[in-house]
1. Of all residues in region 13-66, which are without any contact (Cβ under 8 Å) to a residue 12 or more places away in the chain and polar (S, T, N, Q)?
2. Sort out which residues of region 133-164 are part of a loop (DSSP other than H, G, I, E, B), open to solvent by 70 Å² or more (accessible area, probe 1.4 Å) and among the hydroxyl-bearing types (Ser, Thr, Tyr), and write them in order of number.
3. Is it the case that Val167 is buried (at least 19 other Cβ atoms within 10 Å of the Cβ), outside the structural domain of Thr100 (by TED's automatic domain parsing) and closer than 24 Å to Ile104 by Cβ?
4. Does Val190 satisfy the condition of being of a type in the set (A, V, I, L, M), in a loop (DSSP other than H, G, I, E, B), without any contact (Cβ under 8 Å) to a residue 24 or more places away in the chain and out of contact with any helix residue (DSSP H, G or I) (no Cβ under 6 Å at 6 or more places or on another chain)?
5. In the set Asn70, Asn86, which member is at pLDDT 95 or above, open to solvent by 50 Å² or more (accessible area, probe 1.4 Å) and either assigned by TED's automatic domain parsing to the domain that holds Phe160 or not charged (D, E, K, R) (or both)?
6. Looking at region 12-26, which of the residues that are part of a helix (DSSP H, G or I) and closer than 19 Å to Ala108 by Cβ is most open to solvent (accessible area, probe 1.4 Å)?
7. Quick one: would you say Val176 is buried (at least 20 other Cβ atoms within 10 Å of the Cβ), of a type in the set (A, V, I, L, M, F, W, C) and assigned to a loop (DSSP other than H, G, I, E, B)?
8. Conditions: (1) within 15 Å of the ligand (Cβ to nearest atom); (2) not in a loop (DSSP other than H, G, I, E, B). Thr29 meets all but one. Number of the miss?
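The values are calculated or read from the model by the stated rules, or taken from the named source; none is laboratory data. A quick note: this is a predicted structure, and the numbers were derived from the prediction, not measured. Cβ placement follows ideal geometry from the backbone for every residue including glycine, while neighbour counts extend to all protein chains displayed. Heavy atoms of the whole protein, side chains included, go into the accessibility calculation; ligands, DNA and RNA do not. Shrake-Rupley method; radii C 1.70, N 1.55, O 1.52, S 1.80 Å.
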Amino acid sequence: MSDQHAQKQAAAKAALQYIEDDMILGVGTGSTVNCLIELLPKFRLAGAVASSQVTEDKLKALGIDIVDLNFAGTLDIYIDGADEVNQHLQLIKGGGGALTREKIVAAASNTFICMVDASKSVEILGRNFPVPIEVLPQARSYVARQLAQLGGEPIYREGFVTDYGNVILDTYDLDVSNPIALEKELNNIVGAVCNGIFAANQADILLKAGHDGVETLKR
Ligand code: 5RP
């Protein structure tokens, strides 16, 4: 088992302390979340709101009821991973392409708990990992030109379609030194559905697993 995978498992285990029987749990997407999903059968959840079809299928396979967010009200907690996290608990997400549904469920939750391994921790977001941007298919070229004007280099994620039938532009070289401002600016591009910067709604609790265990950071 890789060191990174062991850290993902440790972060997922640390997240269990926040889960209670009878709650409707918001569940994210990705390999770290998959470690958490494996542990969920210990609980008698009232149900779960899934942030992707992949997660929904995994939860259903374990017999966990899927609840439509429209009928769930405000969730107590949403638990997910991230591709990058800075010291303010602001994130880049969307490596798995589920960013829009993830942002919706995170926004509809009182507490966003983010689980990461040590490799995800960065000083400045976006220097290594691109910002994924979900785009309506017809607007792909237009949005790409707008991103280039902002100094970004958008790469079309070929062969990938989101749960909402849209495409993704993985955008390198954007200046993410002010994540809140850039998130807003990207939100203003017509045809861009959502971007992978989670800064206005950053994580509330970060569970960061490293060689020496799991560190808990709160905002
Ligand atoms: C999916 C995501 C994931 O949280 C992110 O890609 C991290 O994934 P992993 O836990 O596999 O490292 O945002 O859209």
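1. Answer for region 13-66, where residues must be without any contact (Cβ under 8 Å) to a residue 12 or more places away in the chain and polar (S, T, N, Q): just Gln17.
2. Tyr164
3. Values: buried (at least 19 other Cβ atoms within 10 Å of the Cβ): yes; outside the structural domain of Thr100 (by TED's automatic domain parsing): yes; closer than 24 Å to Ile104 by Cβ: yes.
Against the criterion (buried (at least 19 other Cβ atoms within 10 Å of the Cβ), outside the structural domain of Thr100 (by TED's automatic domain parsing) and closer than 24 Å to Ile104 by Cβ), Val167 qualifies.
4. no
5. When all the criteria are applied, what remains is Asn70.
6. By that ranking, first place goes to Tyr18.
7. Spelling it out, Val176 is indeed buried (at least 20 other Cβ atoms within 10 Å of the Cβ), of a type in the set (A, V, I, L, M, F, W, C) and assigned to a loop (DSSP other than H, G, I, E, B).
8. Status for Thr29: all satisfied but (2).
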